[in-house]
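Visitor: One structure, pasted below without further comment.
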Amino acid sequence: MTEEMDKVPRTFLKALADFNREREMVFKEFDEIQNKYSKGEDIVEDLKQFKSKRPGIFVVIDDLFHKAVEVEHKLDQEQVKAEEREVMREFKDRFSDLAEAIDLLVLEELVASR
């Protein structure tokens, strides 16, 4: 792979910085979504609302669950601090129950856009 092709997109880096800067709010919102999910409530609208407010952060979250190896590579390449990596790991572990719902939302939107 060439260096040009292997370069981490600026949009990802910005979204990653946003995720870390807004992590308290992100965790709070996902705690609320997970609480609804644990009660058996539909969370699709909540995820859509989060995505519409913070699309870049939503992509980072989706990638954490569904492109973990690629994300790790990007983090290594950009030499992301251990503290920031730990926040991402904590998020992934804490909200792993929501991974399938996030995936279904992304797939639903892909199908709808065709």
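The values are calculated or read from the model by the stated rules, or taken from the named source; none is laboratory data. Model, not experiment: these values are computed from the prediction. Cβ: placed from backbone, ideal geometry, glycine included. Neighbour counts: every protein chain shown.
Visitor: Restricting attention to the stretch 24-38, does a residue exist that is β-branched (V, I, T), without any contact (Cβ under 8 Å) to a residue 40 or more places away in the chain and surrounded by 14 or more Cβ atoms within 10 Å (Cβ to Cβ)?
Guide: No, the conditions are met nowhere in the stretch 24-38.
Visitor: Could you grab me the full set of residues in the stretch 69-100 that are part of a helix (DSSP H, G or I), in contact with a helix residue (DSSP H, G or I) (Cβ under 8 Å, 6 or more places away or on another chain) and either farther than 19 Å from E32 by Cβ or of a type in the set (D, E, K, R) (or both)?
Guide: Result: E70, V71, K74, L75, Q77, E84, R85, M88, K92, R94, D97.
Visitor: Check the stretch 4-16 and report whether any residue there is free of Cβ contacts under 8 Å to residues at least 60 places away in the same chain, of a type in the set (D, E, K, R) and crowded, with 18+ Cβ neighbours inside 10 Å.
Guide: no
Visitor: Just to be sure, is D42 of a type in the set (D, E) and assigned to a loop (DSSP other than H, G, I, E, B)?
Guide: yes
Visitor: Among the residues that make up the stretch 49-61, is at least one of them β-branched (V, I, T), modelled with pLDDT of 90 or more and surrounded by fewer than 19 Cβ atoms within 10 Å (Cβ to Cβ)?
Guide: Yes: the stretch 49-61 contains one or more residues that are β-branched (V, I, T), modelled with pLDDT of 90 or more and surrounded by fewer than 19 Cβ atoms within 10 Å (Cβ to Cβ).
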